[in-house]
1. Would you check if Asn131 is under 19 Å from Ile6 (Cα atoms), of a type outside the set (D, E, K, R), out of contact with any Ser or Thr (no Cβ under 7 Å at 6 or more places or on another chain) and surrounded by 15 or more Cβ atoms within 10 Å (Cβ to Cβ)?
2. Could you check region 89-104 and list, in sequence order, the residues that are more than 11 Å from Phe153 (Cα to Cα) and of a type in the set (D, E, K, R)?
3. Being under 25 Å from Glu120 (Cα atoms), loosely packed, with under 15 Cβ neighbours inside 10 Å, in contact (Cβ under 8 Å) with a residue 40 or more places away in the chain and not hydroxyl-bearing (Ser, Thr, Tyr) is true for just one of Ile229, Ile250. Which residue is that?
4. In region 37-68, what residues are surrounded by fewer than 16 Cβ atoms within 10 Å (Cβ to Cβ) and assigned to a loop (DSSP other than H, G, I, E, B)?
5. What is the one condition in (1) surrounded by fewer than 16 Cβ atoms within 10 Å (Cβ to Cβ); (2) hydroxyl-bearing (Ser, Thr, Tyr); (3) over 30 Å from Leu154 (Cα atoms) that Tyr300 does not satisfy?
6. Could you check region 184-201 and list, in sequence order, the residues that are at pLDDT below 90 and not aromatic (Phe, Trp, Tyr)?
7. Of all residues in region 15-35 being among the charged types (D, E, K, R) and outside any strand (DSSP E or B), which is surrounded by the most Cβ atoms within 10 Å (Cβ to Cβ)?
8. Restricting attention to region 135-169, which residues are surrounded by 21 or more Cβ atoms within 10 Å (Cβ to Cβ) and either in a strand (DSSP E or B) or among the charged types (D, E, K, R) (or both)?
Amino acid sequence: MKNILITGGAGFIGSSLARALIEKGDNFVQIVDNLSTGNIDNLPKNCNFILCDINNYSEISSVMKEKAFDVVFHYAALVGVQRTQESPLKVLNDINGIKNILELSRETGVKRVIYSSSSEVYGEPVSLPQNEATTPLNSRVPYAIVKNIGEAFLKTYYKEFGLKYTILRFFNTYGLSQSSDFVISRFINKALNNEDICIYGDGKQSRTFLHIDDNINFTMKLLYEGLFINDTVNVGSNIRVEVIELAKIIKQIFKSESKIKYIDPLREGDMSRRQPDISKMRKYYKKDLVDIESGIRNIYSLFKQQNA
């Protein structure tokens, strides 16, 4: 049995991971979250949950010194484009949490820290696809800076203390229980209520979208097979979709009467395009990725079941 700690485990990806690890049946999973952006309703039933702010050393130290964890998934972070732009100081405060997790992992004998980084670290791409080793990290928004600092801390703790790590650079992951801070869930909420779907700028920005099932299946594989130890890997799809096309797909699948409305572009943080090089991920994850239309149809079906 592995003892596993998930920080930010009430978030969309963290709670989905927790559920998969618990269902596996051979793990003790401890979830911590301060619920600033996570949702307690996301948590698996009968899970081990502690309300905890990892940026507060005394709170997280009491958790990590109580039980010897083998693996820490450090997924806690202030998220959401609007929220992170409005509260940059809170974003920067997450550096304290990164330092706390790594120092306590070193002290308590954690064997591996798996860190949720982000496509945001790449900034505006010089070329596509965005490769882990060759693309410049040029984003200047606080969220991206913190993720980049987190990556540097993990590499430094390995170099100084031998603490093993894996850096997962997540590109847009989506699914049923995602909060409305993110584009697909926001568009779906608007479509369900036949409200205007607002798009920043001209809607020509392109993104790639990975279904939560593919995210979790790949993460479980790299955990159980010991993949990407002391390495960085992009986690995403390589199929680009323009934001305007995404809105049209959601309108069509949800049979919505919403109108598409164009609003002023964001001042910063809304990159024109993103597309990861996923060759490292696909070397080990051979399963066909869920395409965007199938993924949104899946969400639509689940909505219908819930409201039947």
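The values are calculated or read from the model by the stated rules, or taken from the named source; none is laboratory data. Remember, predicted model here, so these are calculated numbers, not experimental data. When we count neighbours, we look across all protein chains shown, and the Cβ atoms used for this are built from the backbone with ideal geometry, even at glycine.
1. Spelling it out, it is not the case that Asn131 is under 19 Å from Ile6 (Cα atoms), of a type outside the set (D, E, K, R), out of contact with any Ser or Thr (no Cβ under 7 Å at 6 or more places or on another chain) and surrounded by 15 or more Cβ atoms within 10 Å (Cβ to Cβ).
2. Lys90, Asp94
3. Selected residue: Ile229, the only one of Ile229, Ile250 that is under 25 Å from Glu120 (Cα atoms), loosely packed, with under 15 Cβ neighbours inside 10 Å, in contact (Cβ under 8 Å) with a residue 40 or more places away in the chain and not hydroxyl-bearing (Ser, Thr, Tyr).
4. Asn39, Lys45, Asn46, Asn56, Lys65, Glu66, Lys67, Ala68 - these are the residues of region 37-68 that are surrounded by fewer than 16 Cβ atoms within 10 Å (Cβ to Cβ) and assigned to a loop (DSSP other than H, G, I, E, B).
5. Tyr300 satisfies all of (1) surrounded by fewer than 16 Cβ atoms within 10 Å (Cβ to Cβ); (2) hydroxyl-bearing (Ser, Thr, Tyr); (3) over 30 Å from Leu154 (Cα atoms) except (1).
6. Gly201
7. Arg19
8. Matches in region 135-169: Lys147, Tyr165, Thr166, Ile167, Leu168, Arg169.
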